[in-house]
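Let me begin by presenting the structure, written as structure tokens, before commenting on it.
Bear in mind these aren't lab numbers, they're just calculated from the coordinates by the rules spelled out. All of these numbers come straight from a predicted model, not from anything done at the bench. We place every Cβ from the backbone using ideal geometry, glycine too, and count neighbours over all the protein chains shown.
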Amino acid sequence: MSFSNLGLSPAILQAISERGYTAPTPIQTAAIPEILRGNDVLAAAQTGSGKTAAFALPLLQLLQDGPSQKPRRLHTLILVPTRELAQQTAAAIRTLAQASPQSLKIAALFGGVSINPQMMDLRGGADLVVATPGRLLDLIEHKALSIATVAALVLDEADRLLDMGFADEIGLILALLPKQRQNLFFSATFPPAVHALAARMLHQPARIAIAALEQNQPAIQQRAIQVDAGRRTQLLRHLLRENNWGRVLVFVATKYAAEHIAEKLQRAGIKAAAFHGEFSQGARDEVLADFKASKVQVLVATDVAARGIDIAQLPVVLNYDLPRSAVDYTHRIGRTGRAGRSGIAISFISADTEAHFRLIEKRHHLKCEREQIAGFEPVVTTVATGAPGVESPTDNLNGGIKGKRKSKKDKLREAAARDSTG
Ligand code: AMP
């Protein structure tokens, strides 16, 4: 196979030969023609496979050839998990773009450094941006750039993006992008959370080297157990007694619930601890160390606190309270089934959360059979709409928590919702 058979333009072929590449790697052979045809791509790709050039070469060509493309108007957005990868990817693309007939502005945006130089760099616009998700949102909020004109989105190392806790940010970014766009999705591994994100994002993608990988993926069994809201702690205790689960991560909606449920479990003789955003870094580290060392069996956590928890052997994740959004669901279940092990994700469903869970299932093209546990069959079957304390599922799916000051993310969510409706 040679580069000249893949549909690349003379300018791009020139760049390739200057770079010293003689033949395309397998992922380049498979991905380049698909990307040039405008298709979405879902590819299994490790570092070292040549994945960067696999998406960068055809995207540079599309960028140059796009009839409606105006100079310095953002065309391509590449999301990466780390500062190092942002810098490295931008540098690789700049090299490949050197042979372009027009000069392209390529910006690398990442956190951990002052935002000001990046804001300056974006003055006058950019054609292609490589960014980490958090800093990108910060820059959008500062009005340093808009992503409303993006024609091609790349998620590079999608598994690491989710592992590093970027599920929320990716959700917000997707909502701010134009609906009509090309999506390229690269990941080294495909645990269920990565699959779920790919299913949400991609439109009939060309699948590259996925099949072989899928067979080796650990299965996450997703279960939905019906139980009355008032009996969830009892059911949790029952499940802990009946099952031989080493560690369990229990998700709740509020700090209060985390404290309260952990305390109830402790009183029942279970080694439980709460984990929420008001803990100092020192306290967090201590609780996590205890959980890892199995001094704590059940960690009762809020979403914010659970970000970035990386524990290889986490067999069970339990949604005591359902997550607010479908993206949070992905993020939560991604805590289990890591490092090639299988896992279980259980959601407690009561009459007032059934509709909300159905929406989560719909977003993920998922259908969980509803289970009931003997002795815990629900008796409450209907909920009066508008009853106090019952939020409508749609409010709940993307909205903020009631009574809480709006966070930056909530504001961005609202802006995204306005953009997508207006
Ligand atoms: P990546 O997997 O994108 O991180 O690329 C790994 C390394 O392979 C980089 O140093 C690239 O410059 C190099 N590379 C990419 N494509 C080719 C190719 N077709 N021939 C030789 N080296 C390549």
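For the modelled label position 7 Å from the Cα of Asp290 along Cα-to-Cβ, which residues of segment 248-263 have backbone nitrogen atoms closer than 11 Å? Those under the cut-off are 263. Put the Cα centre of segment 1-38 next to the Cα centre of segment 145-183 and the gap is 25 Å.
For Ala92 and Arg237, compute 0.36 nm times the residue count separating them, minus their Cα-Cα distance, and round to one decimal in nm. Walk me through the numbers on the way to the answer.
Numbers: separation 145, 0.36 × 145 = 52.20 nm, distance 5.33 nm.
Full extension of this stretch gives 46.9 nm more.
Please work out the Kirkwood hydrodynamic radius for segment 83-209, using every pair of different C-alpha atoms, and report it in angstroms with one decimal place.
Values: mean 1/r = 0.0643 Å⁻¹.
Answer for segment 83-209: a Kirkwood hydrodynamic radius of 15.5 Å.
Taking only the Cα atoms of segment 218-371, the radius of gyration and Dmax are 14.4, 41 Å. For the listed peptides 96-108, 13-25, a ranking on the average number of other beta carbons within 10 Å per residue, highest first, reads 96-108, 13-25. Note: segment 131-204, Cα convex hull, 83 Å³ per residue.
Would you mind counting up the charge near Ala268? Only other residues with Cβ under 13 Å from its Cβ, with Lys and Arg at +1 and Asp and Glu at -1. So the environment of Ala268 carries a net charge of +4.
What full-extension length gain, to one decimal in nm, is calculated for Glu371 and Ser4 as 0.36 nm per residue of separation minus the Cα-Cα distance? The partial results should precede the final answer.
Values: separation 367, 0.36 × 367 = 132.12 nm, distance 5.63 nm.
Going from the current span to full extension adds 126.5 nm.
What the Cα atoms of segment 3-214 give is an Rg and a Dmax of 16.0, 45 Å. The lysine pair tally for segment 218-371, using Cα distances under 25 Å and a gap of 8 or more places or different chains, is 8. Find out how many positive minus negative residues lie around Arg358, taking Lys and Arg as positive, Asp and Glu as negative, among other residues whose Cβ is under 12 Å from that of Arg358. Value of the local net charge: +2.
What FRET efficiency comes out for Arg267 versus Gln102 if R0 is 56 angstrom and r is the Cβ-Cβ distance? Round to the nearest 0.05. Don't jump to the answer; show the numbers that get you there.
Numbers: r = 69 Å, r/R0 = 1.23.
E(calc), rounded to 0.05, equals 0.20.
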